[in-house]
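Below: the structure, in structure tokens.
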Amino acid sequence: MNPIELETRYCAGNYAPLPVVLARGQGAHLWDVAGRRYVDMMSAYSAASHGHGHPRILATLAAQAQRLAVPSRAYYTDRLGSFLAELCRLTGLDAALPMNTGAEAVETAIKAARRWGYRIKGVGRDRAEIIVADGNFHGRTTTIIGFSSEPDYRDGFGPFTPGFRAVPFGDLAAMERAMTPDTVAVLIEPIQGEAGIILPPKGWLTGVRRLCDAHNVLLILDEVQSGLGRTGAWFAFQHEAMRPDGLVLGKALGGGVLPVSAFVARREVMEVFTPGSHGSTFGGNPLAAAVGLEALRIIEDERLVERSRVLGDHLLERLQAIRSPLLTEVRGRGLWAGAAIDPAHATARLVCERLLAKGVLSKETHDTVVRLAPPLVIARDDLDWALDRFIEVLRELEHGRRDPVAA
Ligand SMILES: Cc1ncc(COP(=O)(O)O)c(C=O)c1O
């Protein structure tokens, strides 16, 4: 069996991969098993923001793996503290709880918010409520999918955890109406990634901050995808003059090689955790901590935040200049763009398949949005080359529709 047949035969069918078998990566390029080179315009949903096989990440990974990898947090290590200190410095928050995947860090935030609600705010036992946004994506655990507004994510997986209330994303008045004395937290993405790179109205985040302050409610931002330079700022919340009480980070924190995530928060929030109240065998292991710290340092040393802002402006400018009946909207910030495709003309999947055939790797989100989110290290020429291919695909599909033979 070839790799596609093998994977199809032995792997659960919970993904629908594009038909390419990848074998190697370097920077913003990936190669398939036949040696064909592709420009990566997806960067593993931001997990490969540093590019594939970053030499400093690989060196740190190898050196730390040889020293000490996973002793568990039953002991202190000489790596965890400095990693978390750097996370606190960069976020302006006080303490961090290390986990592995994004969903685990979101679960950590939910536990922190609930316990804070009971122990600090004084909410009655088991009455805590968390406000979330329609269109949210925070991961795939049973609790998290329970407050998803996407039927496919929920179907067949109930019963779900109570204690969540959804309001329209970007609607401040609806959020205020949803607040009750039992509300302990608002949990939102500052820009919704999986929903299709949806930006809220300007000033919304500061408005949410004000609401949370007025109602003694924690504001928790999930920046698993938007954080660490993706939007042209270290964190998307920095585009507005506000700071959350808790911040969820993941993906790029692992430098493209490991799952590394963290919940970072104000001290009062983090202090609700006591020994035994939360944990993870792998969370905070010295291998992850060493890689995580190096991942943060690289973003700083290579000025990847600024790079994302400058190249991101260029990406958006070029996308916005495209005149095509297929393209209904372009949204984005930094090196993170969503191109909405008119379903009357083509699915986003078809566009991604055509891009693949031309040597560009992207991935649709839902049926209508092509996500363009290259590694932050991408060269301007590679970005332009990939955009030229995107324009070509749009043109070809326009033609295909007019030409009954091709259609
Ligand atoms: C905003 C956000 N939160 C959480 C997650 C879940 O992260 P993971 O897949 O590492 O559990 C994702 C993944 O796409 C995400 O985009």
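The values are calculated or read from the model by the stated rules, or taken from the named source; none is laboratory data. All values reported here derive from a predicted model rather than from experimental measurement. Glycine gets a Cβ as well: all are built from the backbone with ideal geometry, and neighbour counts include every protein chain shown. Just the protein is used for accessible areas: all its heavy atoms, side chains included, with ligands, DNA and RNA removed. Shrake-Rupley method; radii C 1.70, N 1.55, O 1.52, S 1.80 Å.
Whenever you get a sec, compute what percent of the accessible area on region 231-353 sits on carbon and sulfur atoms (1.4 Å probe). It would help to have the intermediate numbers written out before the result.
Details: 2210 of 4620 Å².
Exposed carbon and sulfur together represent 48 percent of the surface.
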| Per the helix-only calculation at 222 nm, which mean residue ellipticity applies to the chain, given -39500 (n - 2.57) for every DSSP H run of n ≥ 4 and division by its residues, nearest 500 deg cm²/dmol? | -11000 deg cm²/dmol
| note | If one compares the long axis through the Cα atoms of helix 304-320 with the longest principal axis of the Cα atoms of the chain, the angle in degrees, nearest 10, works out at 50
| field | Packing-based order for 180-191, 356-367, 200-211, 268-279, using average beta carbon neighbours within 10 Å, highest first | value | 180-191, 356-367, 200-211, 268-279
| said: Quick check on region 139-216: take the gyration tensor over C-alpha atoms, sort the square-rooted eigenvalues as a ≥ b ≥ c, and tell me if it's rounded (a/c under 1.5), prolate or oblate. | reply: oblate
| field | C-alpha long axis of helix 286-301 to longest principal axis of the chain, angle in ° | value | 60
| request: Kindly count the pairs of lysines across the chain whose alpha carbons are less than 29 Å apart, treating pairs on different chains or eight or more residues apart as eligible. | output: 6
| Residues with amide H under 5 Å of residue 29's amide H, sequence separation 5 or more or different chain, H placed in the peptide plane at 1.01 Å from N; which? | 40, 52
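Subtract the Cα-Cα distance of residue 7 and residue 153 from 0.36 nm times their separation in residues, and report this length gain in nm to one decimal.
Values: separation 146, 0.36 × 146 = 52.56 nm, distance 2.22 nm.
Net length gain for the segment: 50.3 nm.
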| task | Find the relative contact order for the chain and round it to a whole percent, using C-alpha pairs within less than 8 Å whose residues are 6+ positions apart. | result | 22
| said: Whole-Hz ³J(HN,Hα) for each residue in region 361-371, computed from phi via Karplus 6.51 cos²θ - 1.76 cosθ + 1.60 with θ = phi - 60°, x for glycine and proline: what do you get? | reply: 9, 9, 8, 6, 10, 6, 8, 10, 10, 8, 8
| field | Extended-chain gain in nm, criterion 0.36 nm per residue less alpha-carbon gap, residue 358 and residue 281 | value | 23.4 nm
| task | Pop a pseudo-label 7 angstrom from the Cα along the beta-carbon direction at both residue 367 and residue 392 and give the gap in nm to one decimal. | result | 2.9
| query | Taking a point 7 angstrom from the Cα of residue 65 along the C-beta vector, which residues in region 251-272 have backbone N less than 12 Å away? | reply | 257-258
| note | Residue-ordered couplings for region 158-164, obtained by feeding phi - 60° into the Karplus form 6.51 cos²θ - 1.76 cosθ + 1.60 and rounding to whole Hz (Gly and Pro as x), are x, x, 9, 5, x, x, 10
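Extension gain residue 118-residue 26, at 0.36 nm per residue separation less the Cα-Cα distance, in nm?
On the way: separation 92, 0.36 × 92 = 33.12 nm, distance 4.83 nm.
Difference between extended and current length: 28.3 nm.
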| note | To the nearest 10 degrees, the tilt of helix 55-67 (Cα long axis) against the first principal axis of the alpha carbons of the chain is 50
| said: For residue 328, what residues show an amide H to amide H distance below 5 Å, using hydrogens built from the backbone and excluding near sequence neighbours? | reply: 340, 341, 342
| Local net charge near residue 3, Cβ-Cβ under 13 Å (Lys/Arg +1, Asp/Glu -1) | -2
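Using 1/(1 + (r/R0)^6) with R0 = 41 angstrom and r between the beta carbons of residue 173 and residue 76, what's the FRET efficiency to the nearest 0.05?
Values: r = 48 Å, r/R0 = 1.17.
With R0 = 41 Å, the Cβ-Cβ based efficiency is 0.30.
Only sites in a loop by DSSP and with at most 12 other Cβ atoms within 10 Å count here; which chymotrypsin sites (Phe, Trp or Tyr not before Pro) in region 1-49 make the cut? Provide the component values of the computation, followed by the final result.
Working: sites: 10, 15, 31, 38, 45; in loops: 15.
Of the chymotrypsin sites (Phe, Trp or Tyr not before Pro), the ones in loops of region 1-49 whose Cβ has at most 12 other Cβ atoms within 10 Å are 15.
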| query | Along the Cα-to-Cβ line of residue 94, 7 Å from the Cα, sits a label point; which residues in region 103-127 have backbone N less than 16 Å from it? | reply | 112-113, 115-117, 119-121
| said: What distance in nm lies between label points placed 7 Å from Cα along the C-beta direction at residue 274 and residue 161? | reply: 2.1
| task | For region 130-136, just list the computed ³J(HN,Hα) in residue order, Karplus coefficients 6.51, -1.76 and 1.60, θ = phi - 60°, integers in Hz, with x standing in for Gly and Pro. | result | 10, 8, 10, 10, 4, x, 5
